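The values are calculated or read from the model by the stated rules, or taken from the named source; none is laboratory data. Keep in mind it's a predicted model, so treat the numbers as computed, not measured. Here Cβ is always computed from backbone atoms with ideal geometry, including for glycine, and neighbour counts include all displayed protein chains. Just the protein is used for accessible areas: all its heavy atoms, side chains included, with ligands, DNA and RNA removed. Shrake-Rupley method; radii C 1.70, N 1.55, O 1.52, S 1.80 Å.
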Amino acid sequence: MAEEVTIRVNEQVATLAVDRDTPLLYVLTNELRLQGPRFGCGLAQCGSCSVLLDGVEIRSCVTPVGAVEGKQVTTLEGLPALYARQRNLARAPALHPLQRAMIDEQAPQCGYCYNGMIIKGSELLSRKPQPSEREIREAMNGHLCRCGSYPRIMKAIQLASRFMAEERP
Ligand code: FES
Ligand code: FES
(Lines give C-alpha, C1' and ligand atoms only; values in the text may rest on other atoms or scores of the structure.)
(Ligands and ions follow the chains in the order given, each with its own letter.)
Protein backbone atom coordinates (compact mmCIF):
# COMPACT_ATOMS: atom_id res chain seq x y z
CA MET A 1 0.00 0.00 0.00
CA ALA A 2 1.39 3.39 -0.94
CA GLU A 3 2.22 5.77 1.88
CA GLU A 4 4.46 8.80 2.34
CA VAL A 5 8.12 7.96 2.65
CA THR A 6 10.77 10.66 3.07
CA ILE A 7 14.30 9.85 2.03
CA ARG A 8 17.51 11.84 1.73
CA VAL A 9 19.45 11.16 -1.45
CA ASN A 10 22.60 13.05 -2.40
CA GLU A 11 21.76 15.71 0.22
CA GLN A 12 18.31 16.29 -1.29
CA VAL A 13 15.15 15.39 0.62
CA ALA A 14 12.37 13.69 -1.32
CA THR A 15 8.92 12.71 -0.06
CA LEU A 16 7.27 10.06 -2.18
CA ALA A 17 4.04 8.09 -2.14
CA VAL A 18 5.28 4.51 -2.41
CA ASP A 19 4.94 1.12 -0.80
CA ARG A 20 7.60 0.97 1.93
CA ASP A 21 8.68 -2.45 0.65
CA THR A 22 9.52 -1.11 -2.82
CA PRO A 23 13.19 -1.77 -3.58
CA LEU A 24 15.23 1.39 -3.15
CA LEU A 25 16.66 0.84 -6.64
CA TYR A 26 13.22 1.27 -8.23
CA VAL A 27 12.66 4.52 -6.36
CA LEU A 28 16.07 5.89 -7.32
CA THR A 29 15.68 5.04 -10.99
CA ASN A 30 11.93 5.34 -11.63
CA GLU A 31 10.95 8.13 -9.24
CA LEU A 32 14.13 10.19 -8.84
CA ARG A 33 15.43 9.44 -12.36
CA LEU A 34 18.98 8.77 -11.20
CA GLN A 35 21.14 6.87 -13.68
CA GLY A 36 24.05 5.73 -11.51
CA PRO A 37 22.59 2.61 -9.88
CA ARG A 38 21.63 -0.10 -12.35
CA PHE A 39 19.51 -3.19 -12.31
CA GLY A 40 21.64 -6.29 -12.87
CA CYS A 41 20.66 -9.48 -11.06
CA GLY A 42 18.07 -8.11 -8.61
CA LEU A 43 19.36 -10.65 -6.07
CA ALA A 44 22.22 -8.84 -4.28
CA GLN A 45 24.69 -10.92 -6.29
CA CYS A 46 26.39 -8.54 -8.76
CA GLY A 47 26.73 -5.06 -7.23
CA SER A 48 25.55 -3.03 -10.21
CA CYS A 49 22.79 -1.43 -8.08
CA SER A 50 25.10 -0.41 -5.21
CA VAL A 51 24.73 2.86 -3.34
CA LEU A 52 26.17 4.15 -0.08
CA LEU A 53 23.96 4.25 3.00
CA ASP A 54 25.56 6.47 5.62
CA GLY A 55 28.83 5.85 3.76
CA VAL A 56 28.54 2.05 3.64
CA GLU A 57 27.83 0.15 0.42
CA ILE A 58 24.46 -1.59 0.19
CA ARG A 59 22.62 -3.37 -2.61
CA SER A 60 19.67 -1.16 -3.45
CA CYS A 61 17.87 -3.95 -5.35
CA VAL A 62 17.13 -5.79 -2.11
CA THR A 63 16.82 -2.83 0.28
CA PRO A 64 13.25 -1.67 0.95
CA VAL A 65 12.91 2.09 0.59
CA GLY A 66 11.27 2.22 4.02
CA ALA A 67 14.51 0.96 5.56
CA VAL A 68 16.53 4.01 4.54
CA GLU A 69 14.36 6.70 6.12
CA GLY A 70 16.45 8.92 8.38
CA LYS A 71 19.67 7.86 6.66
CA GLN A 72 21.81 9.39 3.93
CA VAL A 73 21.78 7.65 0.55
CA THR A 74 24.59 8.54 -1.83
CA THR A 75 24.52 7.43 -5.45
CA LEU A 76 27.22 7.78 -8.09
CA GLU A 77 25.85 11.24 -8.86
CA GLY A 78 26.49 12.41 -5.29
CA LEU A 79 29.91 10.85 -4.88
CA PRO A 80 32.11 13.93 -5.64
CA ALA A 81 30.19 16.02 -3.08
CA LEU A 82 30.43 13.28 -0.46
CA TYR A 83 34.15 12.97 -1.18
CA ALA A 84 34.61 16.72 -0.64
CA ARG A 85 32.89 16.48 2.74
CA GLN A 86 34.91 13.45 3.77
CA ARG A 87 38.18 15.17 2.83
CA ASN A 88 37.25 18.69 3.97
CA LEU A 89 37.78 20.07 0.49
CA ALA A 90 36.70 23.63 -0.23
CA ARG A 91 34.56 22.47 -3.12
CA ALA A 92 33.45 19.24 -4.73
CA PRO A 93 35.58 18.03 -7.65
CA ALA A 94 33.85 17.28 -10.95
CA LEU A 95 34.69 13.60 -10.45
CA HIS A 96 35.67 11.40 -7.52
CA PRO A 97 39.37 10.38 -7.83
CA LEU A 98 38.28 6.83 -8.63
CA GLN A 99 36.10 8.07 -11.49
CA ARG A 100 39.13 9.95 -12.86
CA ALA A 101 41.31 6.90 -12.42
CA MET A 102 38.79 4.63 -14.17
CA ILE A 103 38.94 6.94 -17.17
CA ASP A 104 42.74 7.20 -17.10
CA GLU A 105 43.08 3.42 -16.93
CA GLN A 106 40.30 2.91 -19.49
CA ALA A 107 39.00 0.36 -17.01
CA PRO A 108 35.44 -0.49 -18.07
CA GLN A 109 34.47 -2.15 -21.33
CA CYS A 110 30.66 -2.23 -21.52
CA GLY A 111 30.54 -0.17 -18.31
CA TYR A 112 27.68 -2.07 -16.73
CA CYS A 113 29.57 -2.82 -13.53
CA TYR A 114 31.05 0.68 -13.38
CA ASN A 115 28.54 2.04 -10.86
CA GLY A 116 29.10 -0.70 -8.31
CA MET A 117 32.87 -0.77 -8.79
CA ILE A 118 33.10 2.98 -8.16
CA ILE A 119 30.72 2.90 -5.20
CA LYS A 120 32.51 0.00 -3.53
CA GLY A 121 35.98 1.28 -4.42
CA SER A 122 35.15 4.72 -3.02
CA GLU A 123 33.88 3.14 0.19
CA LEU A 124 37.16 1.25 0.53
CA LEU A 125 39.26 4.37 -0.15
CA SER A 126 37.27 6.42 2.37
CA ARG A 127 38.25 4.09 5.21
CA LYS A 128 41.58 2.89 3.80
CA PRO A 129 43.17 5.53 1.52
CA GLN A 130 46.25 3.36 0.83
CA PRO A 131 44.84 -0.17 0.50
CA SER A 132 47.05 -3.15 -0.29
CA GLU A 133 46.32 -5.33 -3.32
CA ARG A 134 44.90 -7.98 -1.01
CA GLU A 135 42.62 -5.45 0.67
CA ILE A 136 41.37 -4.27 -2.70
CA ARG A 137 40.67 -7.84 -3.82
CA GLU A 138 38.80 -8.60 -0.61
CA ALA A 139 36.74 -5.41 -0.77
CA MET A 140 35.79 -5.86 -4.44
CA ASN A 141 35.09 -9.56 -4.12
CA GLY A 142 31.29 -9.29 -4.37
CA HIS A 143 31.29 -7.15 -7.51
CA LEU A 144 30.98 -8.91 -10.84
CA CYS A 145 32.39 -7.67 -14.12
CA ARG A 146 31.06 -9.73 -16.99
CA CYS A 147 33.74 -8.28 -19.28
CA GLY A 148 36.57 -9.44 -17.02
CA SER A 149 38.05 -5.97 -16.51
CA TYR A 150 39.28 -6.83 -13.03
CA PRO A 151 43.01 -6.14 -13.64
CA ARG A 152 42.26 -2.63 -14.95
CA ILE A 153 39.80 -1.96 -12.13
CA MET A 154 42.53 -2.96 -9.67
CA LYS A 155 44.95 -0.54 -11.35
CA ALA A 156 42.34 2.22 -11.27
CA ILE A 157 41.80 1.83 -7.52
CA GLN A 158 45.55 1.96 -6.98
CA LEU A 159 45.80 5.07 -9.17
CA ALA A 160 42.93 6.73 -7.28
CA SER A 161 44.79 6.05 -4.07
CA ARG A 162 47.83 7.88 -5.50
CA PHE A 163 45.63 10.79 -6.63
CA MET A 164 44.32 11.08 -3.08
CA ALA A 165 47.82 10.99 -1.58
CA GLU A 166 48.92 13.84 -3.87
CA GLU A 167 45.90 15.97 -3.10
CA ARG A 168 46.01 18.89 -0.73
CA PRO A 169 42.73 19.45 1.15
S1 FES B 1 21.18 -5.73 -9.17
FE2 FES B 1 21.53 -5.51 -7.07
S3 FES B 1 23.23 -6.79 -6.69
FE4 FES B 1 22.73 -7.20 -8.76
S1 FES C 1 32.98 -3.58 -17.97
FE2 FES C 1 31.32 -4.83 -18.68
S3 FES C 1 30.54 -5.69 -16.86
FE4 FES C 1 32.34 -4.70 -16.20
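What the table shows:
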item	result
In sequence order, calculated HN-Hα J values of the stretch 18-32 (Karplus, 6.51, -1.76, 1.60; Hz; x Gly/Pro)	9, 5, 4, 8, 4, x, 3, 4, 5, 5, 4, 8, 7, 8, 8
Estimated inter-spin distance, residue 104 and residue 130, nm [label 7 Å along Cα→Cβ]	1.7 nm
Hits among lysines - C-alpha to C-alpha of residue 155 under 24 Å, sequence gap 8 or more where chains match	120, 128
Sparse-neighbour loop sites [trypsin sites (Lys or Arg not before Pro); the stretch 83-169; at most 15 other C-beta within 10 Å; DSSP]	91, 146
Cleavage-rule hits (trypsin sites (Lys or Arg not before Pro)) in the stretch 1-50: DSSP loop, at most 12 neighbouring Cβ within 10 angstrom	33
Rg(Cα)/(2.2 N^0.38 Å) for the stretch 123-166, N = residue count	1.12
GNM result for the chain, Cα springs below 10 Å: residue of 77, 57, 11 fluctuating most strongly	11
Extension gain from residue 90 to residue 1, taking 0.36 nm per residue of separation minus the Cα-Cα distance	27.7 nm
Accessible area of residue 132 in the full protein assembly, 1.4 Å probe (Å², nearest 10)	50 Å²
Gain in span if fully extended, residue 45 to residue 72, counting 0.36 nm per residue against the direct Cα distance	7.4 nm
Ratio of the Cα radius of gyration of the chain to 2.2 N^0.38 Å, where N counts its residues	1.02
Within a Gaussian network of the chain (alpha carbon springs, distance under 10 Å), most fluctuating of 70, 142, 78	70
Max mean-square fluctuation residue, GNM over the chain, Cα-Cα springs under 10 Å, options 32, 124, 159	32
Positive-pole candidate from 45, 73, 5, dipole of the stretch 2-77, charges at beta carbon	45
